[in-house]
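The values are calculated or read from the model by the stated rules, or taken from the named source; none is laboratory data. Worth saying up front: this structure is predicted, and the values here are computed from it rather than measured. Quick reminder, even Gly has a Cβ in these numbers, built from the backbone with ideal geometry, and neighbours come from all protein chains shown.
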Amino acid sequence: METFNKLTRQNPNQIMSLAKEDIIETLKKRVDSGGMVVVNQDIYLRDPIGAKYADIVLPAATWGEENFTRANGERRLRLYEKFYDAPGEAKPDWWIVAQWAKKMGFEGYDWKDSNAVMEEGARFSRGRQDNNYDALVWMAKKKGVRFHDLLKKFGTTGIQTPVLLVDEDYKYDRPGWEYTMPKAMRESSDLRADGYKVIGVARLQDSEWKLPENHFGARYIDPKELTAFDTQSGKANWLKSPWDIFSDFFDFIKPKEDELWVTNGRINEIWQSGFDDVERRPYITQRWPENFLELHPDDAKARGIESGDMVLAYSERIPVWKDQNMGTNALDTKYSNLVKQGHIKLVKASVTAVAIVTPAVKKGVSFMYFLHPTQPANSLAPRVPDPLTNEYRYKLGVGKVKKIGESPYKHEFRAMTFVRRDIV
């Protein structure tokens, strides 16, 4: 953060005039002097990146304010239709990108709407085994309709990608085929042209699938990727992680004395993200005005904590990988060796929360919501990535927990509730 401040707010070239020409000249001087210009593009104004640091703020439109498509974890492609205008000067991401590109002199950014972006993007999905939708765009053009208009006919069911073109008389009947698209679309003439028809795919790496001899007609995809994994044998590779590479880190990080695991994760009420589920829905903010920390009854009793109490979870031994280790073998990335080589420092951190006493969590383990904007559970997470995956161990937070008072929600039941969350 110190370096970021030097490059931005502490640089001598700061905007002092509202005249466009003066602003541009000032920002050019800042860049030429080695400083940095900050552009913040977001749905909501963020503090501090947007409110304090950004020289240019680009308000972005979100879902419901623009037609756009989305594919979920099961490869199901849907159209999310616009149902009201974006507020103020907010614009969709594709429009913002296009304006920047054209100002910089690039060609090919003359999209008229989000449908044009999707139709152009289809060619980049060709040959992919997951979100390939090129065949559906091809079919839309054969029918003389926009891609969005054809996708709209699939409703909320959508279509499971990859979308394939097969001979019109080919029968796809693999398990789950009936859920790849709405029943009304399976025999629809909207999905037939030039002797071909469009199908979705229920399952990838389906080794028992007898593929059509015609390799999906005008939109080819490598059939091996539909019936096998992309390995030499065609089978999935299960990799065994040696415990000795991980064990010394676990020995260090596991709770000591009266510490607890401070884990974190999603909750149903705020499932997807803070921007969408919290800031757009005041009733969720009322339901969860602050983060919570679930404690087992035995752990709560030992610390004199009741549901509704304000607690502090804190640690003075959070390991941080302070630089980059250029190891030549796996042993170089073992935690104990990183400590010996001076790559690890310990820092302090704390986070407040409202206690919920419940047997839903195991003794010795506590749980918090993982994305609270002002009470982040990751404050207590170690900043040392796993040596094999290079992923951070966000779920392995450890800390002590103590009562610091009573929350305003303990005796008033207009906001948080303290009933067991594991009972539906």
Query raised in the report: Given (1) within 20 Å of residue 269 (Cα to Cα); (2) in contact with a Pro (Cβ under 6 Å, 6 or more places away or on another chain), where does residue 409 come up short, assuming only one miss?
Result: (2)
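I'm checking my understanding of the structure. Among residues of segment 220-241 that are aliphatic (A, V, I, L, M) and at pLDDT 80 or above, which one is surrounded by the most Cβ atoms within 10 Å (Cβ to Cβ)?
Among them, the one singled out is 226.
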Query raised in the report: Quick one: in segment 322-345, which of the residues that are under 12 Å from residue 244 (Cβ atoms) and surrounded by fewer than 14 Cβ atoms within 10 Å (Cβ to Cβ) is modelled with the highest pLDDT?
Result: 331
Query raised in the report: Just checking, how many residues over segment 299-339 are under 19 Å from residue 375 (Cβ atoms) and not acidic (Asp, Glu)?
Result: 12
Query raised in the report: closer than 30 Å to residue 59 by Cα, in the same structural domain as residue 314 (by TED's automatic domain parsing) and hydrophobic (A, V, I, L, M, F, W, C) - does that describe any residue in segment 248-270?
Result: yes
Report summary line: Within segment 386-424, the residues that are loosely packed, with under 15 Cβ neighbours inside 10 Å, of a type in the set (A, V, I, L, M) and part of a loop (DSSP other than H, G, I, E, B) are 388, 419, 423, 424
Query - Subset of segment 298-319 that is exposed (fewer than 14 other Cβ atoms within 10 Å of the Cβ) and not acidic (Asp, Glu) - its residue that is nearest to residue 398 (Cα to Cα) - result: 302
Query raised in the report: Between a first residue in segment 342-361 that is free of Cβ contacts under 8 Å to residues at least 40 places away in the same chain and a second residue that is among the basic types (Lys, Arg), which pairs have beta carbons less than 7 Å apart while being 6 or more apart in sequence or on different chains?
Result: 343/322; 345/322; 346/317
Report summary line: Filtering segment 90-117 down to residues that are within 27 Å of the chain's Cα centre (by Cα), of a type in the set (A, V, I, L, M) and farther than 18 Å from residue 60 by Cβ yields 116
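Among the residues of segment 374-384, is there at least one that is loosely packed, with under 15 Cβ neighbours inside 10 Å and assigned by TED's automatic domain parsing to the domain that holds residue 283?
yes
Please work out if residue 217 is outside any helix (DSSP H, G or I), of a type outside the set (A, V, I, L, M) and at pLDDT 95 or above.
Values: outside any helix (DSSP H, G or I): yes; of a type outside the set (A, V, I, L, M): yes; at pLDDT 95 or above: no.
So residue 217 does not fit the description; no.
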**Report entry** Residue tally, condition out of contact with any Asp or Glu (no Cβ under 9 Å at 6 or more places or on another chain) and basic (Lys, Arg), over segment 348-401
**Finding:** 3
Requested in this report: Would you mind stating whether residue 90 is touching a strand residue (DSSP E or B) at 6+ places or on another chain (Cβ under 6 Å), more than 22 Å from residue 160 (Cα to Cα), not basic (Lys, Arg) and not assigned by TED's automatic domain parsing to the domain that holds residue 182?
Outcome: yes
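Does segment 187-196 include one or more residues that are touching a residue at least 60 places away in the same chain (Cβ under 8 Å) and either outside any loop (DSSP other than H, G, I, E, B) or aromatic (Phe, Trp, Tyr) (or both)?
no
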**Report entry** Extreme residue, surrounded by the fewest Cβ atoms within 10 Å (Cβ to Cβ), among residues of segment 243-289 that are without any contact (Cβ under 8 Å) to a residue 60 or more places away in the chain and touching a helix residue (DSSP H, G or I) at 6+ places or on another chain (Cβ under 8 Å)
**Finding:** 271
Report summary line: In segment 354-381, anything assigned to a loop (DSSP other than H, G, I, E, B) and either touching a helix residue (DSSP H, G or I) at 6+ places or on another chain (Cβ under 6 Å) or over 15 Å from residue 262 (Cα atoms) (or both) is listed as 359, 363, 370, 371, 373, 374
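The rows are residues; the columns are (1) within 27 Å of residue 391 (Cα to Cα); (2) over 24 Å from the mean Cα position of the chain (by Cα).
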residue: 291; (1), (2): yes, no
residue: 302; (1), (2): no, yes
residue: 324; (1), (2): yes, yes
residue: 338; (1), (2): yes, yes
residue: 344; (1), (2): yes, yes
residue: 359; (1), (2): no, yes
residue: 362; (1), (2): yes, yes
